[in-house]
Every structure is written in C-alpha cells, then in structure tokens.
Amino acid sequence: MPDLSATRPADAAPVATAWGQQVHDMLEGIQAGKGTLVYPGGTPDSTTLTVVFPRAYAVAPIVVVSVETGITRAIAAKLIAGTVTTTQFQVQAQHVAGTNVASSNLPFDWIAIGTPA
C-alpha cells in the first residue's frame, strides 16, 4: 500500500482534498473474500482455483490466503497465493509431504492490499 505523501491535517483543521483522497484510495485498496477449493486428495497432489478481484488494482497487490477459521478437521495441505495480477490471483492447495489427504472441500479466506485502479 502506498505511503501518504500529503500532509496530515492538524487537529480540528479542515481535511485537505489531497490527503483525504489518498486515505480514501488506501482504504479502497483493501479487498477480502472467501472461497472453497475442492481438494481431490490422492493424486494429483494439488489443486488450483482462480479468484477474481471485485475491483481491479493499478499494479498487482499483496495477497494473503489462509484456511478458513473454525475448520474442525485435520488438514494436511498448505495454501499458496500465486500468479497475482491486477485483476485476479490463483490459490493453490498442496499436499504436505508424507501425509495422506482425503478428498474434501477446503474453505479459505483471502485479503488483497494494493493501489486501486
């Protein structure tokens, strides 16, 4: 996310348009969502899903994915966000070496932070 270059207003002073616009753009640059990978288990040992951002970015944002909170079963897979562009990214689940993962749905959360287009 870009740094604010405009001067922050003093307490009780009017908010300058340039500073307000930069703050707005920074907040608009945060997007998040949920998804579900259908993990096949066995072979192949990975699966990939493309996630499209609701709003495009000016440049590829930073993306973080994690297994959705509240999952009560053991999951022996790791999630990776890759091939990030201004409009989408791919989330991939891979076997953790030496484990046997059964076929299942793998819900995940994601967050992207960048400069909006």
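The values are calculated or read from the model by the stated rules, or taken from the named source; none is laboratory data. As the structure is a computational prediction, the values presented were derived from the model and not from experiment. Here Cβ is always computed from backbone atoms with ideal geometry, including for glycine, and neighbour counts include all displayed protein chains.
Here is the figure for the stretch 45-64: residues that are in contact with a Gly (Cβ under 6 Å, 6 or more places away or on another chain) and part of a loop (DSSP other than H, G, I, E, B) total 1. Considering the stretch 13-54, and only residues there that are exposed (fewer than 15 other Cβ atoms within 10 Å of the Cβ) and among the charged types (D, E, K, R), the residue that is modelled with the lowest pLDDT turns out to be E28. Evaluate the stretch 80-93: report whether one residue or more is out of contact with any helix residue (DSSP H, G or I) (no Cβ under 6 Å at 6 or more places or on another chain), aromatic (F, W, Y) and at pLDDT below 75. Among the residues of the stretch 80-93, not one is out of contact with any helix residue (DSSP H, G or I) (no Cβ under 6 Å at 6 or more places or on another chain), aromatic (F, W, Y) and at pLDDT below 75, which makes the answer no. Selection within the stretch 94-117: residues that are exposed (fewer than 15 other Cβ atoms within 10 Å of the Cβ) and β-branched (V, I, T). The member of this set that is modelled with the highest pLDDT is V96.
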